[in-house]
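Before any comments, here is the structure.
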Amino acid sequence: METGNLTIIKDFVLLGLSGSAEQQHFLSVLFLCMYLITISGNMLIILVVGFDFHLHLPMYFFLSNLAFVDICFTSTTIPQMIVNIVTDTQTISFIGCLSQLFFFISFVNMDSLLLCVMSYNRYVAICRPLHYTSIMNLHFCVQLVAGLWIVTYLHALLHTLLMAHLYFCASNIIHHFFCDLNPLLKLSCSDISLNVMVIFIVGGLFALTPLICILISYGLIFSTILKITSTQGKQKAFSTCGCHLSVVVLFYGTASAVYFTPSSSFIPESDTLLAIMYTVVTPMVNPFIYSLRNNDMKRTLQKMLCKDLHF
């Protein structure tokens, strides 16, 4: 579409991951396997939590929500990338690109906020055990998660609408495997100062607030754990917290490096590598971290397997 001397782009080309045709097909198989592991692992969490009413507790309620979000999170980007490689069709429409951007921002923010809520839940359980049932009741948990969904959708809508008002008239090649903020801003021939400001202010608020709350929660948790006299109890508590914190560091570290790097210093290769870490690797390892080390989850899984074998 032409406006004056400008050609307005209505389609984009997703270059995906660089490499030869053989490397591309190898990567497609690799990411397909990782995607199937992610879907299977997170679906297993949801099924296990739903199977045993003893797991109908706030901790597992948030965990099953995190599993659902991780499924949606990876499903927003990975299937499209695999289809593009297999069919050798890299084109995505402007509307399709904005839709992918909207859902991606929604799920990445929901992932972040759920990690924050889970750390707060652990804080209440360890530091205020006598008030746990009154604070973390089912009604409050449902309202909290519903509120988080509304907030994340509004945040994603803000970025999507701002992106929709930009003109793209230079190149239509996105050096990424999905439509993300920095690669799109790099292609725009409009003034992107407002978009950049919103990313740093609003996006920074969404990224830093949960992270600060997580650090405060774990600071108080560690302070309480140090007062435990049992060495075995301390080791168990530190092990559990260490697993969660490792996911937090992996997720926030890579996501912050992507979204808080100015678009002028955007490097496609490094951005793609960091994006793979928090869009593919983190959702895949979450079920192993949160389930395989959890005795209640393992016992319920054994019950499910024994029941299936019995029938």
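Computed values, structure above
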{"read-out": "Residue within segment 180-191 that is among the acidic types (Asp, Glu) and touching an Asp or Glu at 6+ places or on another chain (Cβ under 9 Å) present", "value": "yes"}
{"read-out": "Qualifying residues in segment 164-177 (those that are in contact with a Cys (Cβ under 9 Å, 6 or more places away or on another chain) and open to solvent by less than 10 Å² (accessible area, probe 1.4 Å)) - the one nearest to CYS97 (Cα to Cα)", "value": "ILE174"}
{"read-out": "Subset of segment 191-215 that is touching a residue at least 40 places away in the same chain (Cβ under 8 Å) and farther than 30 Å from TYR120 by Cβ - its residue that is surrounded by the fewest Cβ atoms within 10 Å (Cβ to Cβ)", "value": "VAL196"}
{"read-out": "Residue that is surrounded by fewer than 16 Cβ atoms within 10 Å (Cβ to Cβ) and charged (D, E, K, R), where the choices are ASP52, ASP88, ASP111, ASP70", "value": "ASP88"}
{"read-out": "Residues located in segment 277-294, provided they are open to solvent by 50 Å² or more (accessible area, probe 1.4 Å) and at pLDDT 70 or above", "value": "MET277, PHE288"}
{"read-out": "Pairs with Cβ under 6 Å, 6+ apart, first in segment 227-254 and within 14 Å of ARG122 (Cβ to Cβ) and at pLDDT below 75, second among the β-branched types (Val, Ile, Thr) and open to solvent by less than 60 Å² (accessible area, probe 1.4 Å)", "value": "ALA237/ILE225; CYS243/ILE289"}
{"read-out": "Helices (runs of 4 or more DSSP H) contained entirely in segment 86-204, each with at least 3 residues that are β-branched (Val, Ile, Thr)", "value": "94-127, 138-164"}
{"read-out": "Failed item in (1) over 20 Å from HIS56 (Cα atoms); (2) open to solvent by 10 Å² or more (accessible area, probe 1.4 Å); (3) within 22 Å of the chain's Cα centre (by Cα), with CYS127 passing the rest", "value": "(3)"}
{"read-out": "From the options LEU57, LEU32, residue that is within 19 Å of GLN100 (Cβ to Cβ) and open to solvent by 70 Å² or more (accessible area, probe 1.4 Å)", "value": "LEU32"}
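Conditions tested, residue by residue: (1) surrounded by fewer than 19 Cβ atoms within 10 Å (Cβ to Cβ); (2) not small (Gly, Ala, Ser).
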| position | (1), (2) |
| --- | --- |
| ILE135 | yes, yes |
| LEU138 | yes, yes |
| ILE150 | yes, yes |
| LEU185 | no, yes |
| CYS189 | yes, yes |
| SER217 | no, no |
| LYS227 | yes, yes |
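The values are calculated or read from the model by the stated rules, or taken from the named source; none is laboratory data. Just so you know, these numbers come straight off a predicted model, no measurement behind them. In this analysis, Cβ positions are derived from the backbone assuming ideal geometry, glycine residues included, and neighbour counts consider all displayed protein chains. Remember, those area values only see protein heavy atoms, side chains included, never the ligands or the DNA or RNA. Shrake-Rupley method; radii C 1.70, N 1.55, O 1.52, S 1.80 Å.
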